[in-house]
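Read through the structure below, which is laid out as structure tokens, and then see the notes.
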Amino acid sequence: MKVLFRNIFKSKVFSLINLTGLSIGMGTAILIFLWIGNELSIERFHEKADRIYVMYNRDKDPSGQAWAWDNTPKPLATTLKKDYPEVEDAVRFNNITFLLTAGEKKINKRGAFVDSGFLNMFSFPLLKGNAGTALSGPNNIVLTADFAKAFFGNEDAMGKTIRVDSVHNCTVTGVLKNLPNNTRFRFDYLLPWAYMQKLEWDDTNWGNNSVKTYTLLKKDASQAGFDAKIKNITIDHTKGNADASTTEVFTQPLNRYYLYAKSENAKLVAGQIETVRLFAVIAGLILLIACINFMNLSTARSEKRAKEVGIRKVAGAGRSMLMIQFLCESILLSGMAFIIALFLVQISLKSFNELVGKQLFLDYKDLAFWVYAVGFILFTGIIAGSYPAFYLSSFTPVKVLKGTFKKVNALIAPRKILVIIQFSFAILLIIATSIVVRQIKYGLNRETGYDKNNLIYAFTQGDIDKHYQAIKSELLNGGSVVSMTQSQNPITQRWSDSWGYKWEGSSKADEKIDFLRLGSDADFAKTIGVKILQGRDIDVYKYPTDSSAIVLNEAAVKAMNVKDPLGMYIRSVGDTSADGGWHVIGVMKDFVIESPFQQSINPLMMFGPGNGFSQVIHMKLDPAKDPKTNIAAIEKVFKKFNPDYPFDYVFADESYANKFKEAQRTGTLASLFAGLTIFISCLGLFGLATYMAESRIKEIGVRKVLGASVMGITALLSKDFLKLVVISFVIASPIAWYAMNKWLNEYSYRINVEWWVFILAGLLSVFIAIITVSYQAISAARSNPVKSLRTE
């Protein structure tokens, strides 16, 4: 301990560099490991998680491409419980949003319809109530603790009445502990499936894949055996129908549901787990870079402790004892860095949580935390100190004490390799960050096919649908909006899709074409800003028969392989009614409704109101007025006709921007890690440059006496480091090219990896290295040669 603190205070600059590099590296690794731990624990906390399975569908499109999805038919759960002895229970989950009222308080929040066995299957503990009976009645409701407090404060919520959607009164039969941050379920309240049936929202249609289904198998049941039995359950229940299904059913273990949810050829493979692995590698590399700084500075300054080693050996110390001494020093230094790292983590955790969209925290009361902390300190200390301990303990005492010990070239090759590793990773992250940012910008600049500006949408709740015409008339006459339309879903979101259609000249294979579905009453093109290429827009007020009209997009016309779709009729395969079906009245230009990084636009059918669509109202604000003024006027009208509900709205451009959040998060994290890596690497480079200037001080003095210029000496001291950076660039570039091409392959609408990105990254890394090294080099070059040549 004494030796450690003596060395710390004797070499303050080097000790500060070591502590700073280690603490930043350890702090970054702690943040990443917190995130990784949360990702790996998602849905694994349920007591029965090893027996819970998520139900999936798989099928093929007309081209033969297979895909899998996790939305299932509503009757699947009841059929599984009734007909399959392996099933202990099966429950459905369907998110909804209702306005809930208790006394004078009204809150519009997201909840879910679930089957009565939901709380027995999943480990969401009840603070009050019975898990077996809380959801048994059609007028029961279960609240989370925070939601119950929002309504009733500190009063006991049990038995209280809540009015749902201004229609039915429900009784609070349970209060749930707030949901943990490692679950994908999101709800503030639960309503029983029986209530959904009371609203007549339930159905027995095996072709309507609209809910999540979870199955609890008995302890002796086999997943493989169960999958084999249920494979054709949907096919068997639609056999003989005109719209008979070819969809197969299979299961995915709940504890793999989040991490392995990427569909490739209808098989679920590594998805989010790849990101987890990548972040684990990044955490390890950043920590390694911090350790490399320690190794480099410790071995570079070996002469300072050479005599200490010689005397210890002469006094009888063996090499193993010396290695233990140096390892203990590095572990103690690692412990000090860990304390600083915890402080850094604590002050940055809030910002990091906002960045990754989590609620991560350090649980200092948990014994496991301190066990992991001790292991982390030991691991870091041993990694950082192992090579210096091995090297310093190898000195020969006779040579050291005679003064013939030479250290300048002793470790030059290993030290160069360590610096190259550092800067290779830093350059790789610089290139990656640049490409991620360019990809995001490329998507942001994509032509969407509609006008997002001054466009808002609101959801129809309460009496809005009943008073829609009066609301529309008042808003248009008031001048706050220039046009408005009703639709099935927001223009920025995919809510519904369907297949199983036929038309004149269609084939059996065409029944597999998957069409996105929209709905409109009138003025869709005018409000949204979509261009009509052929025919006209739907307008049921001017043309009442448009209630059964269809407008196709360009992609749909191409997929259907028809030259002139106007006037043709489209109907469902199972439709045997006497009418002609849906008649096509127009073709509109393709527009982006799904991911902006998806190259192809999916086929889309926009139906008239005969298909049922009144869920969303789009409004084009008057661009001549201030948006706040327009919103205030709209809110006043909505409150007039729908007083029980708050006026909630969304700007279309903000909703569209949310599509980039995940990619922007990746870009921000890449930039953050690149910056930290460069900073830690530069700390080490600065320390090495400082030591190099000290060790060559007499050489510099002699060169100055012989006429060397400041610029020449600076170049002499800098060129070795710049060579290492150039070698790092040569190593990092092909790795970055491969990694970023693989990442970009996830997007069909993507940029190409340009050569100039690599050149720019190389120049930037050289510039950073020059700035880091030049200060010490110039200071050494400008030193007084008289002082440097003076003997001890």
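What about GLU47, is it under 30 Å from PHE379 (Cα atoms) and either out of contact with any Cys (no Cβ under 7 Å at 6 or more places or on another chain) or not in a helix (DSSP H, G or I) (or both)?
no
Criterion first (in a loop (DSSP other than H, G, I, E, B), surrounded by fewer than 18 Cβ atoms within 10 Å (Cβ to Cβ) and on the phi < 0 side of the Ramachandran plot) does SER473 satisfy it?
no
Identify all residues within segment 581-604 that are open to solvent by 40 Å² or more (accessible area, probe 1.4 Å) and small (Gly, Ala, Ser); write none if there are none.
If the condition is that a residue be open to solvent by 40 Å² or more (accessible area, probe 1.4 Å) and small (Gly, Ala, Ser), then SER595, SER600 are the ones that fit.
Grab the strands (runs of 3 or more DSSP E) fully contained in segment 479-577, keeping just those with 1 or more residues being crowded, with 19+ Cβ neighbours inside 10 Å.
Result: 481-487, 501-503, 515-519, 549-553, 569-572.
Taking GLU354, is it of a type in the set (Asp, Glu), out of contact with any strand residue (DSSP E or B) (no Cβ under 6 Å at 6 or more places or on another chain), surrounded by fewer than 18 Cβ atoms within 10 Å (Cβ to Cβ) and more than 30 Å from ASP514 (Cα to Cα)?
yes
Taking the residues in segment 543-592 that are within 40 Å of the chain's Cα centre (by Cα) and among the polar types (S, T, N, Q) as candidates, determine which candidate is farthest from ARG446 (Cα to Cα).
SER572
Among (1) under 25 Å from the mean Cα position of the chain (by Cα); (2) loosely packed, with under 15 Cβ neighbours inside 10 Å, where does TYR442 come up short?
(2)
Suppose we filter segment 71-105 for residues that are out of contact with any Leu (no Cβ under 9 Å at 6 or more places or on another chain), part of a strand (DSSP E or B) and open to solvent by 10 Å² or more (accessible area, probe 1.4 Å); how many remain?
Number of matching residues: 7.
Looking only at segment 583-606, count how many residues are closer than 30 Å to TYR468 by Cα and at pLDDT below 90.
Going through segment 583-606 one residue at a time, the tally reaches 2.
Here are some conditions: (1) more than 29 Å from the chain's Cα centre (by Cα); (2) at negative phi; (3) not β-branched (Val, Ile, Thr). ARG665 meets all but one. Which one does it not meet?
With respect to (1) more than 29 Å from the chain's Cα centre (by Cα); (2) at negative phi; (3) not β-branched (Val, Ile, Thr), ARG665 is out only on (1).
Return the only residue of GLY64, GLY37, GLY21 being at pLDDT below 90 and either part of a helix (DSSP H, G or I) or charged (D, E, K, R) (or both).
GLY21
Going through TRP737, TRP756 one at a time, which residue ends up being open to solvent by 70 Å² or more (accessible area, probe 1.4 Å), closer than 30 Å to VAL592 by Cα, part of a helix (DSSP H, G or I) and of a type in the set (Phe, Trp, Tyr)?
Only one candidate qualifies: TRP737.
When you look at ILE420, is it of a type outside the set (Gly, Ala, Ser), surrounded by 18 or more Cβ atoms within 10 Å (Cβ to Cβ), closer than 24 Å to SER733 by Cα and at pLDDT below 90, yes or no?
Criteria met by ILE420.
Looking only at segment 508-550, which residues are in contact with a Pro (Cβ under 8 Å, 6 or more places away or on another chain) and among the aliphatic types (A, V, I, L, M)?
Passing the criteria: ALA509, ILE513, LEU516, VAL540.
For segment 162-206, name all the residues that are under 30 Å from GLN359 (Cα atoms) and among the aromatic types (Phe, Trp, Tyr).
PHE185, PHE187, TYR189
Can you confirm whether segment 329-345 contains a residue that is open to solvent by less than 20 Å² (accessible area, probe 1.4 Å), within 30 Å of PHE660 (Cα to Cα) and assigned to a helix (DSSP H, G or I)?
yes
How many residues does segment 1-47 hold that are in contact with a Lys or Arg (Cβ under 9 Å, 6 or more places away or on another chain) and hydroxyl-bearing (Ser, Thr, Tyr)?
Number satisfying all stated conditions: 1.
Of all residues being among the hydrophobic types (A, V, I, L, M, F, W, C) and surrounded by fewer than 15 Cβ atoms within 10 Å (Cβ to Cβ) in segment 699-714, which is nearest to the chain's Cα centre (by Cα)? Just the residue, please.
Here the answer is MET711.
Go through segment 247-274 and give me each residue that's assigned to a helix (DSSP H, G or I) and either farther than 30 Å from ILE383 by Cβ or touching a residue at least 24 places away in the same chain (Cβ under 8 Å) (or both).
Within segment 247-274, LEU254, ASN255, ARG256, TYR257, GLN272 qualify.
Confirm whether THR234 is under 21 Å from PRO73 (Cβ atoms), open to solvent by less than 20 Å² (accessible area, probe 1.4 Å), among the hydroxyl-bearing types (Ser, Thr, Tyr) and assigned to a helix (DSSP H, G or I).
yes
Under 6 Å between Cβ atoms, which residue pairs at least 6 apart in sequence (or on different chains) link something in segment 413-440 that is closer than 20 Å to ASP720 by Cβ and charged (D, E, K, R) with a partner that is open to solvent by less than 40 Å² (accessible area, probe 1.4 Å) and part of a helix (DSSP H, G or I)?
Listed by first residue and then by second, the contacts come to ARG415/ASN296; LYS416/LEU724.
Which pairs turn up if I take residues in segment 100-115 that are in contact (Cβ under 8 Å) with a residue 24 or more places away in the chain and of a type in the set (Lys, Arg) and look for partners that are outside any strand (DSSP E or B) and surrounded by 15 or more Cβ atoms within 10 Å (Cβ to Cβ) with beta carbon separation below 7 Å, at least 6 apart in sequence or on another chain?
Close Cβ pairs satisfying both conditions: LYS105/PHE151; LYS109/PHE147; LYS109/ASP188; ARG110/PHE187; ARG110/ASP188.
Evaluate segment 677-693: report whether one residue or more is open to solvent by 10 Å² or more (accessible area, probe 1.4 Å), of a type in the set (Phe, Trp, Tyr) and under 30 Å from PHE352 (Cα atoms).
Yes, that holds for at least one residue.
May I ask you to list the residues in segment 36-70 that are charged (D, E, K, R) and either within 23 Å of the chain's Cα centre (by Cα) or open to solvent by 40 Å² or more (accessible area, probe 1.4 Å) (or both)?
Result: GLU39, GLU43, ARG44, GLU47, LYS48, ASP50, ARG58, LYS60, ASP61, ASP70.
Would you point out the residue of segment 765-776, among those that are open to solvent by less than 80 Å² (accessible area, probe 1.4 Å) and hydrophobic (A, V, I, L, M, F, W, C), that is nearest to ILE17 (Cα to Cα)?
For segment 765-776, the residue satisfying everything is VAL773.
The values are calculated or read from the model by the stated rules, or taken from the named source; none is laboratory data. If you're wondering where the values come from, they're calculated on a predicted model, not measured in any experiment. Cβ coordinates were reconstructed from backbone atoms using ideal geometry, including for glycine residues, and neighbour counts include every protein chain displayed. When the accessible area is computed, the model is the full protein with side chains, heavy atoms only, and any ligands, DNA or RNA have been set aside. Shrake-Rupley method; radii C 1.70, N 1.55, O 1.52, S 1.80 Å.
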